[in-house]
Each structure stands twice: as structure tokens, then as C-alpha cells.
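Peer 1: Can you read through this structure? Questions will come right after.
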Amino acid sequence: MLFWFSEIFDVTLLATIGLVFFATLLGAYVRARRRDPCLKSFTDYVVTVECAEHKVIWGRMELASTGLELHYTDSVEDENHVESSYIMYTHEFGQIHALYRYIDELDVENQAQRRKDLARSLHPRFLRRALRHIRNFISLASESLSEVVGLIIGGLRKPAGRYITEESEERLRELGATFIGNVGSGYDPLLERFIGQKMVFEIMEGDEVHEHVGIFKQYSPDFFEILDLQVPRKQTLAVERQAAAVAEQIKATLADKRLTVANQSIQMVLLKSMTVDGVEEPLNAMIDAGEQIHFDLDTLCERAVLTFRILRVVDMIVPRTRCVVRHRADYYRPELLPSIIFDIGVKLRGASKSSVQEKRLRQQLHENPFAVIALANLGALLMQKEDGDEAEPLLQKAWSMRNSLPDNGRRVRQLLQEIQRKRASNPQSRDALQPPKASKPS
């Protein structure tokens, strides 16, 4: 029977086809199962995705090897169709600036799932630690292991030469390289020691770099996953004259020439600026929980738009091209942490609006050297340009007159602490986040 079968069919050919078929199926399965470990952690959670050009999408995330889908909590309808989800493919991941998971928006089930995931990740059992060590070893020795696989296959071909042809040998080598590359990729011995630690991260936000403190959960070749960050999220509030306006945690009243802002939350709020008739004026005032402050305006205005920062606790996934792991958080004393959370940031590019503000503030100080609010605002503006040497004496002078500031100098004190922090750290700390310079035409 076997002799008859071998007379009709070439067994070597069948063995080769079988090996190639098996290797192809197994390689396809490995590739189909590969998902970024950081993005995988946010699967089945409602997340917010910030993309290039200020595009923001949110929804419940499902992840595949070729991309992700965000299912909207409510369908979006326009004149032509109804949308219920947004699909982003892997080649579009370069547009992602950050993914956020807001802790206070998680339902009971998701919070329980998050706590379980944190316990497994930050306090792994023996088997999980062993598997991670094996994966890191494979990643570290991937090139050598690929050569070993080639030697093994080459050795097997001698006794099984009838069945392992050159084509099937090449396919098996590709399978070995694919498996090793998928199992162990992205290992970084420096970052590995910081997993589970509270760290300070420098994150690019628009054209500015800000510092944030959070727990470093894990990394992948493309992303960092950071937990429990206190992030000052930007909010705006429009207030009309002789009326009160209420946002999520802020109440503002504009009466005559006085602006009153009350913080109704349980955490500090940074009142950043006020825009009147298209002109933005910096305010830079910290408002403590349950506190209200007053600003006396030079002229009557019918409407003002306030910009402020409210603390939100988030888990975040950030592309490695937009984030640097910089310090251990225990490097700083606890009283310095608010100055990190509400750091002034560093502008990576010049801005015409900042130049106009700087010119106006310098003119105010030329006319009145003791204009304390102008001193504080100009010092903050210079800090964004990394000109701490000029900013510090201005802020010191404003601090000496802190009783004349709306927040009694609370924000000025934070800025002075930030200057000291930056002088104590590496002066080249943000080089890795500088945008690439445009090449000159030849």
C-alpha cells in the first residue's frame, strides 16, 4: 500500500508542502495574536485618544493586531450617516499623542478589573515573573537564538534530507525568526528596573514639554504605560458681565470691574488666563480647595473667557517619541510635588502670541516697576522660554510683594521651586524631545 502510494506521489514533495503549510499557519497565528502590551491594557475600557491636529476621539477600545476600534458610548449622527465607532489602523498610530483612561469615570466593574490588573502587574507572582524573565532573555539574545534555530534546522536536514528541502528549510528559519521576534521584543535593561516605581516623566503636549509624576507600569517598543498621574486638564469657562457662570468645579462672577473665581473642588485649581475681546491676559493664580480670589480689572468688559487647569487622575499611554522617563519621584521632597504637577512647561517653538504678551508686560513694568502681577506673569513667561536667570529675580521681587497678589503668592512660590528643581537636574534633560530640524534644501 505504502509502496503504491509512493509510486504515485512524491513523499518528499508532500513533506515539503506540509512543512511550508504548517510554518505558514503557525507564523500567521503568531502575527495575528501579537498586540502591543501597553495598548492591550486599555482593552474594554472607555479611553480618550488625542491625535495630531487637536483631534480627540473617545470610546470603548477593542484592540487587534492590525489596529484598534473605539466604540462610541452614543452614536454620532450628521446629515449623511450615523457613526457608532472609529477605526484606527496600525500605520496611523504615529498620529497618536496620548491615550487617557480617566479613573473617576470608570464604572464599578472596570475599577475592579483595573485593581486586579494592577495587582498582577505591580506585585507579580512567581510564574509571571519567570515568564517575564524568559521573555526578556529571548529579547536580549534574539539574534543568537535565531542563529541557533538555523543550526538546529540545518542539522535536522541531514538525516531528514528527503523531507526537508531548501524551500521548507528557509520557511522554518523564517518561522523561528518570527516567533523569537514576537515573543521577545523591546527589552530595555535600564527601563526594566523602574517598573512599578513612581517616576517623573517629561511628556510633549502640543508645542510644550511638561513634567508628570506617575507609576511606571510597563513599556513596549512604541509606548510607555503610566498609572495614577495627576494631570492638570485644560478647561474653559465663559462668563458674562453681571452674571455667574459655573463649570465642573469652578464658579466665576463678573461684576463691574471685578472678577471673582471660586474653587468648588477638593483640589487646587490653576487659573491660567483670561481672554477679553480676543486678547489673552495671563493670570497665573492658584486657587486652593474651597477658596475664592478676586481680580480688579482696568476696564468694564461684557464677556470674558477663563482658561484654567483642573486636576484629573488618569492612566496614560504615551508614544516613546513624545515621552522621556527622567527621574525617580523620591528624588524630590513631597512639598515640591505640586510644582511638578502644575509645572509651567517649556515651549519647543517660538510663539508670536507669547512675544506680544512679553512685550506688553515689559512695557507695564517700564511704566510701573512695582506692578506685581506683571512681575509674576513675565517671570512665568520667561520660564517657558527656559530663561530662568532673568525670571528668578522678577519672581523673587513678586514674592516679596506676595500680599498684593490675588493668591498671596502661592503660584509664584511654585515657580521659584521649579527653577530650583531644574537647576538641580540635568540641563540637557529635554534634548530627546526636541523636534527634528528641517533639512536645508541642497
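The values are calculated or read from the model by the stated rules, or taken from the named source; none is laboratory data. All figures in this text were calculated on a predicted structure; none of them were measured in a lab. Cβ placement follows ideal geometry from the backbone for every residue including glycine, while neighbour counts extend to all protein chains displayed. Each accessible area value is taken on the protein alone, full model and side chains, heavy atoms only, with ligands, DNA and RNA left out. Shrake-Rupley method; radii C 1.70, N 1.55, O 1.52, S 1.80 Å.
Peer 1: Residue by residue through the range 386-397, what is 3J(HN,Hα) from phi via Karplus (6.51 cos²θ - 1.76 cosθ + 1.60, θ = phi - 60°)? Round to whole Hz and write x for glycine and proline.
Peer 2: So the J values, rounded to whole Hz, are 6, 9, x, 5, 7, 5, 4, x, 5, 5, 5, 5.
Peer 1: Another question, if that's okay. Of K234/K353; K198/K422; K55/K272; K257/K353, which pairs sit farther than 28 Å apart, going by alpha carbon to alpha carbon?
Peer 2: Beyond 28 Å: nothing from the list.
Peer 1: Could you pull out every residue, at least 5 positions away or on a different chain, whose amide H is within less than 5 Å of the one on R35? Hs are placed 1.01 Å off N in the peptide plane, and Pro or chain starts have none.
Peer 2: none
Peer 1: What FRET efficiency comes out for L131 versus Q420 if R0 is 56 angstrom and r is the Cβ-Cβ distance? Round to the nearest 0.05.
Peer 2: Computed FRET efficiency for L131 and Q420 comes out at 0.80.
Peer 1: What is the extension gain from D330 to F370, computed as 0.36 nm multiplied by their sequence separation minus the C-alpha to C-alpha distance, in nm to one decimal?
Peer 2: Going from the current span to full extension adds 10.6 nm.
Peer 1: Right, here's the next one. At a 10 angstrom cut-off on C-beta neighbours, averaged per residue, how do the peptides 199-209, 373-383 rank from highest to lowest?
Peer 2: Final packing ranking: 373-383, 199-209.
Peer 1: May I ask you to evaluate 6.51 cos²θ - 1.76 cosθ + 1.60, the Karplus curve with θ = phi - 60°, for each residue of the range 94-102 and list the ³J(HN,Hα) values in order in whole Hz, giving x for glycine and proline?
Peer 2: x, 7, 6, 9, 5, 10, 10, 10, 7
Peer 1: Give me the number: length gained by fully extending E240 to T66, i.e. 0.36 nm times residue separation minus the C-alpha to C-alpha distance, one decimal in nm. Walk me through the numbers on the way to the answer.
Peer 2: Numbers: separation 174, 0.36 × 174 = 62.64 nm, distance 4.89 nm.
Length gained between E240 and T66: 57.7 nm.
Peer 1: Which net charge results when you count Lys and Arg as +1 and Asp and Glu as -1 among the other residues whose beta-carbon is under 12 Å from that of A252?
Peer 2: +3
Peer 1: Is the range 238-392 best put as rounded, prolate or oblate by its Cα gyration tensor, with a ≥ b ≥ c the root eigenvalues, rounded for a/c under 1.5, and otherwise prolate when a/b is larger than b/c, oblate when not?
Peer 2: oblate
Peer 1: Okay, next question. Rolling a 1.4 angstrom probe over the protein heavy atoms, how many square angstrom per residue are accessible across the range 189-302? It would help to have the intermediate numbers written out before the result.
Peer 2: Values: 4990 Å² over 114 residues.
Heavy-atom accessible area per residue stands at 44 Å².
Peer 1: Right, something else. Can you list the lysines whose alpha carbon sits under 16 Å from that of K40, skipping same-chain ones fewer than 8 residues off?
Peer 2: Reachable lysines: K116, K217.
Peer 1: Along the range 370-381, what does the Karplus equation 6.51 cos²θ - 1.76 cosθ + 1.60 (θ = phi - 60°) give for ³J(HN,Hα), rounded to whole Hz, x for Gly and Pro?
Peer 2: The phi angles translate into 9, 6, 5, 5, 5, 4, 5, 5, 5, x, 5, 5 Hz.
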